[in-house]
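Every number in this text was worked out from the coordinates using simple rules, so none of it is lab data. Computed from a predicted model, the values in this text were never measured in an experiment. Note that each Cβ is placed from the backbone with ideal geometry, even for glycine, and that neighbours are counted across all protein chains shown.
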Amino acid sequence: MLDDQHIERVAEDDYTAFVELHHALYERLFYYVYQMVKNKEVSEDILQETFIKYWENRKSFSSFLSVKVYMYTVSRNMVIHHFRDNETHHRILEKMEYEPILTEDHLLITSEICAMVQQAIAALPAQTRRVIELSIEDRKVSEIADELHISPNTVKTLKKNAYQTLREQLSHLKGLLPFIFG
Amino acid sequence: MSEQSDIAKIISKVIMRIELTADERTLLDEWSTDASHRAYFEQVTHFLPLDDYRRVTALTDESAHLRRITAQIHARRRPLLLRMLRIAVGAAAVVLFGLLIHYIIGDWQSAFDTPAVTASSTEAIAPAADPDMPPKVSNRRVILKVAGGKTYSLGQIPSSARLGGAQYDVSRQMISYDAMPPAKLHPVDALNELAVQRGADFSLTLSDGTRVWLNADTRIKYPTRFTSGERRVWLSGEAYFEVAHDAEHPFIVSVDGVDVRVCGTTFNINTRCHGTIATTLVEGSVAVIPSGADHETLLTPGHTAEFAPTTGLLDINDRDIQLYIGWKTGQYHFEKITLDDLLNEIGRWHDVKIRFADEHLRTEQFTGVIGRRFPLRTILLMLEETNYIECDMHDGVITVKEKQYQLMK
């Protein structure tokens, strides 16, 4: 997981560090932008410009949080510009009124949560991972047991162990999660 | 926005059923006083759209995205470059007659042995060029030596002027000679000499109307007026000739080891071609006459004769002529040339020295097109885009080494 030292490496023109940063942030930023523009190519283009903007301004950053904040801000501004330049803007606005979606803030939080949970869960063994995923979707223990063809008690045990593992795992994510999951 | 990041962490914790600290609880409570935040919190803690997150992120290819970013970072000016190339192609079509002489020379600076006596007292050395800008078409490094040995450093001359028998046009950056110079002022067959140093280029119109474009690191000697039966010039370096047609007075370019004879035609000589002198015929006909040979070899258009002075062997091929004449029209074409040759050529344009940190890179082969006026930095980035080499520029020296980082994990 990335930390402030990593950002300092990027600031010193370390392209490998930049590549790692791209890996750490790309998916969550893509989700964030895509949920607004609903177009894969436009989302990719916006993120391309966003990452390049960061690379060009890399000397200005020293903390991981500030980079993350910058990336979200730049990509959101580009989404706004995209809508401003786009003919379908009004249609999108109309659609948004009918289908109230998350505000940008809430969308950002969702992206962050999903990225964190996704990264933590990805390290779990396959069956445990599936239990957790279903559990996070608020499925009942009996439903999970049915779906995975295991006993409810096994589900409970896996869940308990999984949360314990996640807690331990997440507590080690210094820098990104400096004070939670402790 | 860092607040959202904190809130995200706290909500993750709630979702993971991990107990909150008192501070976190306070922060969350404050945040949740807003009704919309409260509604969002209820929604996301009961249903985290993790499947949606996976479905959306699966739409995109992270590696491909990174490759695009890398390419763009390493070639920021590409749209501009493509535009320049198109212009250069258009210009190539209007060139009707030409001759390119491309001659390899060891240490050209020391070969130009006449000390410069400049109009002002000191010899100006052009300041190091800005690597981010197109190379300046600077005539500061162009030296004209007229009959009698007097030399002019053209950069010292602020406006158009008559220099011996030559007319110097400062705005067009060229020297020209009248067809009929006042004979009483200048010996009719006086030899002038023009030296174009590294980092410069220049053009010249001879008294018969033949035009000559001189690449960096090139020297040419010619009479101010052609009076004998032949029109002979002496060249070392690289030049592109548009020879004025005159069947009765053949135009001869003498380079070390070969004479190339023309009446009015288009051809190209490249003597920096892997140690050979390559003569490429574009149009008309041309005779290649190796020194001491009792025969001449005629070329047909589109063919190149490569003569190796050391072995005396002459070989004829039909490679793309752009590989030989491209530099004149603004684009330098190269095909399977060694990195050593390529960087030496670039070094000539920009007056930089090349150092190989990894010697084995010298023999790596490259194929492509590079604009003659591309900023040095751009050229280096284009080379680095191969993801094979890294170029480091410091104090006018480019250090080339093998690329270290692994792009993909």
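How would you rank B:ASP341, B:ASP358, going from fewest to most other Cβ atoms within 10 Å of each one's own Cβ?
Working: B:ASP341 18, B:ASP358 14.
Going from sparsest to densest Cβ surroundings: B:ASP358, B:ASP341.
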- So which trypsin sites (Lys or Arg not before Pro) in region B:294-356 are both in a DSSP loop and have at most 16 other Cβ atoms within 10 Å of their Cβ? B:ARG319
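Order of B:ASP201, A:ASP105 from fewest to most other C-beta atoms within 10 Å? The partial results should precede the final answer.
Values: B:ASP201 26, A:ASP105 17.
Neighbour counts put them in this order, fewest first: A:ASP105, B:ASP201.
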- Between region B:200-238 and region B:361-375, the alpha-carbon center distance in angstrom: 28
- Note on the structure: Surrounding charge for B:ALA287, neighbours by C-beta under 11 angstrom, Lys/Arg +1, Asp/Glu -1, total -1
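What is the fewest-to-most order of B:ARG261, B:ARG68 by other Cβ atoms lying within 10 Å of their Cβ? Please list the in-between numbers first.
On the way: B:ARG261 20, B:ARG68 17.
Going from least to most buried by this count: B:ARG68, B:ARG261.
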